[in-house]
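Working notes, structure below.
The values are calculated or read from the model by the stated rules, or taken from the named source; none is laboratory data. The model shown is predicted, which means the values in this text are computed figures rather than measured ones. Every residue, glycine among them, receives a Cβ derived from its backbone with ideal geometry; neighbour counts consider all protein chains shown.
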Amino acid sequence: MTEPRSVGPVASRRHAFDAPLALAAGTALPHWELVYETYGTLNAERSNAILICHALSGHHHVAGHYADDPKNLGWWDNMIGPGKPIDTDRFFVVGVNNLGGCHGSTGPATINPATGQPWGADFPVVTVQDWVKAQARLADVLGIDAWAAVVGGSLGGMQALQWTIDLPDRVRHALVIAAAPRLTAENIAFNDVARQAIITDPEFHGGHFYRHGTRPTRGLRLARMLGHITYLSDDQMAEKFGRKRRPGAGSYGFGVEFEIESYLRYQGDKFAGWFDANTYLLMTKALDYFDPAEPYDGDLAAALAGARAKFLVVSFTTDWRFSPARSREIVNALVKDRKDVSYVEITSPHGHDAFLMDDHYYHAVVAAYMNNVKT
Amino acid sequence: MSHTPHTLRRPDFDVIAGWMKAGESVLDLGCGEGELLQLLAMRGLRGWGIERDPGLVLAAVENGINVIQSDLEAGLAGFEDDAFDHVVLSRTLQTVRHTQQILAEMLRVGREAVVSFPNFAYWKNRMAVMDGRMPVSEDLPYQWYDTPNVRFFTMLDFESLCDGMGIAIRDRQVLDERGALVTEESNFLGSLAVYRIGRGG
C-alpha cells in the first residue's frame, strides 16, 4: 500500500442527457445535465467503480484540487485518494453533483428552456429515488454496469441505501454512513424551520430571486446556523466554545458576545455567500421525503428484501441528528433479511459531522471493508 | 494472517460446528476477530457476530465477516424472535452479569443456542483452591485481579439453572485442558463445557 496522498489536480466534467428523466413528483426533466469528477482508472472489466453520493451541501468535487485553485480541496479528500481508505490506485471513483444542486448540475439556477428564465421555484422537487435514477444514467454513460460500491454519508448514505433497493443488480456493496432509514418528526421540524427562514426572507421572491438580482442571504444564513447546530455535538460545543466571550462582551446588548455566536454567524455568512437558497429547500425536502419503507407499511426489512449488496453501516456516538439507534434500524432490517452487513459505531466527539472528519479508527474500518471489495 | 488450524486453537469450535448444518444461520455473541464465523462460513453457514471491542471489530471487518459492534446484552434487543437458527455464546457466559436475561434473549432470537464456559469444578481448579489459590489454567487464563469473569460456576450449577429456567439441554460435550473429549466424571475431569440448549417444555 502506498503512502496516502492526494489525487492531485482534478477536473470536473459535464454530461448532457437528452432522454427525459421521469421524476417522483410526476413531472419529467426533458433535458438535464450532471457535472461529475472521476479519480483513478476504470479497469478493463469495468468492475472497480465506486460512486460517492453527497449530502445536503456537498457536490461532485470529492477529492483532489483544481489546478487553478489549489486550496479548493474535495470535501472527502481525507477518505479518497491513492493509499487512502477508498484507494484510487485500486478503484475508479466517481463524484457527482445531484440534480437540483448548485454546483453545475441542472438545478434551480439553471435556465428553464420553457421560459428562458432560471427555474427558481419552478424546479421540480427531486427525491433520493430521482437522484439514484439520474446517477444510474451517468453510470450508463461511463459504461459501468454495476458499482463495486456506492458510498455516502448522511443524505449520501440514504442514496447508497436507495441504490440497493431500486437497482439491486447494479451495486455490489453499499457503505451507509451516519444515515437513517427515514427522518423523525424532530428532523423534519428542523428542516422546516430552515425552509421557513429562507421562504420568509423578503429577498426570496417566491423562489424567483434571480430575476430580481438579489439573494435571500438572511434566510439562508439562519437556515445554515440552525442546521450547523444539529451537525455538532453538545460535548464538542462545550469543549470548543463553552461560555467563552468575545472581546468587549458584557455590554448588555445583542451584539456578538459569546464565541459560539461568532462561530455560527461566521458559518452562516460563509454558506449564504455561495449556496443557492432553492437548492437548500430541495435538499431538505429530499431528506424529508426519504422513506424507502413507506410503500411497505413502514417495514424496512420488506423494503430491503430484494437488495443484493453487502453493507457496511457506520454511525458516530455523538451524532444526534442521525443517532446510532437510527443506523441500528437499518442493520436490524438487513439482518432480518439475512443480508451481509457489518455495523461499526465510532466513538467520536464530532456529532453528525464526524463522518467528514479525520479519525484513525473510522478510516481504518472503511479501509478494511474496502480492502475486501473485489474489483 | 495466522494459519493455525482452528482445532488447535479452539477445540470447542469443532464441537460447535458439529451441531450446525450448511444453510443455517448463526449469531455469534462476542465473536472477537470472527474465527468461529469464518470456520462456519467455510461449512456453508450464514453468520453474524456481535462484538464490543473496537480493535476486535476492526479485525473482524478485515476478516470479511459480518460483525455488529454492540454491547452483548443491548445487542440482542433489536433482533426479532427466531431470527437465527443458532445463537452462540462461546467462553463468555462467565463474563456476563445478567446471566438469566442473556440466556432468555439467546433463546428468544435463536431457535437454539450454544453456550461454552470454563468449568470451575475442573479438578485442577479444585486443587488450586485447595492449595489456597484461585485457579489459573488454559481455560481460565487470568489472575483474580485482571479477570473479565464476573460469574463463577460449574457444570452442575449451569444445569440446575437451565432446569430452573425451563431450558432444555439437547447436547453436551466436555473437553479437558488439552481439548480432548471427556466422557466420564465430566464435572471433575472437564475444563471446558459446551452445551447445546433449546426452549424446554
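Name, by its number, the condition in (1) within 20 Å of B:V15 (Cβ to Cβ); (2) assigned to a helix (DSSP H, G or I) that does not hold for B:G164.
With (1) within 20 Å of B:V15 (Cβ to Cβ); (2) assigned to a helix (DSSP H, G or I) applied to B:G164, the lone miss is (1).
Can you spot a residue in the stretch B:139-151 that is in contact with a helix residue (DSSP H, G or I) (Cβ under 8 Å, 6 or more places away or on another chain), surrounded by fewer than 21 Cβ atoms within 10 Å (Cβ to Cβ) and over 17 Å from B:G32 (Cβ atoms)?
yes
So which of B:E80, B:E33 is modelled with pLDDT of 95 or more and among the acidic types (D, E)?
B:E33
Quick check, is A:F254 in contact (Cβ under 8 Å) with a residue 40 or more places away in the chain and either part of a loop (DSSP other than H, G, I, E, B) or touching a helix residue (DSSP H, G or I) at 6+ places or on another chain (Cβ under 7 Å) (or both)?
No.
In this structure, is A:K270 in contact (Cβ under 8 Å) with a residue 24 or more places away in the chain and of a type in the set (K, R)?
no
With A:D288, A:D276, A:D234, A:D269 as the choices, which residue is under 26 Å from A:T347 (Cα atoms) and under 26 Å from the mean Cα position of the chain (by Cα)?
A:D234
Can you confirm whether the stretch A:313-336 contains a residue that is farther than 29 Å from A:G227 by Cα and part of a loop (DSSP other than H, G, I, E, B)?
So far as the stretch A:313-336 goes, no, none of its residues is farther than 29 Å from A:G227 by Cα and part of a loop (DSSP other than H, G, I, E, B).
For every residue, the table says whether it meets (1) at pLDDT 95 or above; (2) out of contact with any Leu (no Cβ under 6 Å at 6 or more places or on another chain); (3) surrounded by 24 or more Cβ atoms within 10 Å (Cβ to Cβ); (4) assigned to a strand (DSSP E or B).
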position	(1), (2), (3), (4)
A:V94	yes, no, yes, yes
A:N98	yes, yes, yes, no
A:G101	yes, yes, yes, no
A:G107	yes, yes, no, no
A:A114	no, yes, no, no
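Please find, within the stretch A:330-363, the residue that is farthest from B:V109 (Cα to Cα) out of those that are in contact (Cβ under 8 Å) with a residue 60 or more places away in the chain and more than 20 Å from the chain's Cα centre (by Cα).
This residue is A:P349.
A:T375 is checked against (1) at the interface with chain B (Cβ under 9 Å from one of its Cβ atoms); (2) farther than 17 Å from A:G153 by Cβ and fails just one. What number does that condition carry?
It fails just one condition, (1).
Out of the residues in the stretch B:76-88 that are under 20 Å from A:P324 (Cβ atoms) and surrounded by 22 or more Cβ atoms within 10 Å (Cβ to Cβ), state the one that is farthest from the other protein chains (Cβ to nearest Cβ).
B:L76
Would it be correct to say that B:Y145 is of a type outside the set (D, E), more than 28 Å from B:E105 (Cβ to Cβ) and either modelled with pLDDT of 95 or more or not in a loop (DSSP other than H, G, I, E, B) (or both)?
yes
Can you tell me which residue is farthest from the other protein chains (Cβ to nearest Cβ) among those in the stretch A:281-333 that are crowded, with 23+ Cβ neighbours inside 10 Å, over 23 Å from B:D81 (Cβ atoms) and of a type in the set (V, I, T)?
A:T284
So which of A:V132, A:V62 is buried (at least 21 other Cβ atoms within 10 Å of the Cβ), without any contact (Cβ under 8 Å) to a residue 40 or more places away in the chain and part of a helix (DSSP H, G or I)?
A:V132 is the lone residue from the list that is buried (at least 21 other Cβ atoms within 10 Å of the Cβ), without any contact (Cβ under 8 Å) to a residue 40 or more places away in the chain and part of a helix (DSSP H, G or I).
Which of (1) closer than 22 Å to A:D234 by Cβ; (2) within 12 Å of chain B (Cβ to nearest Cβ); (3) charged (D, E, K, R) does A:R338 not meet, given it meets every other one?
Here A:R338 meets the rest and fails (1).
Any chance you could count how many residues in the stretch A:202-225 are free of Cβ contacts under 8 Å to residues at least 24 places away in the same chain, assigned to a loop (DSSP other than H, G, I, E, B) and at negative phi?
Residues in the stretch A:202-225 being free of Cβ contacts under 8 Å to residues at least 24 places away in the same chain, assigned to a loop (DSSP other than H, G, I, E, B) and at negative phi: 1 in total.
Given the condition without any contact (Cβ under 8 Å) to a residue 40 or more places away in the chain, within 17 Å of A:W163 (Cβ to Cβ) and assigned to a helix (DSSP H, G or I), answer yes or no: does some residue in the stretch A:283-295 qualify?
Scanning the stretch A:283-295 turns up at least one residue that is without any contact (Cβ under 8 Å) to a residue 40 or more places away in the chain, within 17 Å of A:W163 (Cβ to Cβ) and assigned to a helix (DSSP H, G or I).
Exactly one of (1) at pLDDT below 95; (2) over 23 Å from B:R10 (Cβ atoms) is unmet by B:M130. Its number?
Among (1) at pLDDT below 95; (2) over 23 Å from B:R10 (Cβ atoms), B:M130 violates only (1).
Give the stretch A:341-367 a look and list any residue that's more than 10 Å from every other protein chain (Cβ to nearest Cβ), acidic (D, E) and in contact with a strand residue (DSSP E or B) (Cβ under 8 Å, 6 or more places away or on another chain), or say none.
A:D359
Out of the helices (runs of 4 or more DSSP H) lying entirely within the stretch B:19-75, which hold 3 or more residues that are more than 10 Å from chain A (Cβ to nearest Cβ) and buried (at least 24 other Cβ atoms within 10 Å of the Cβ)?
B:35-42
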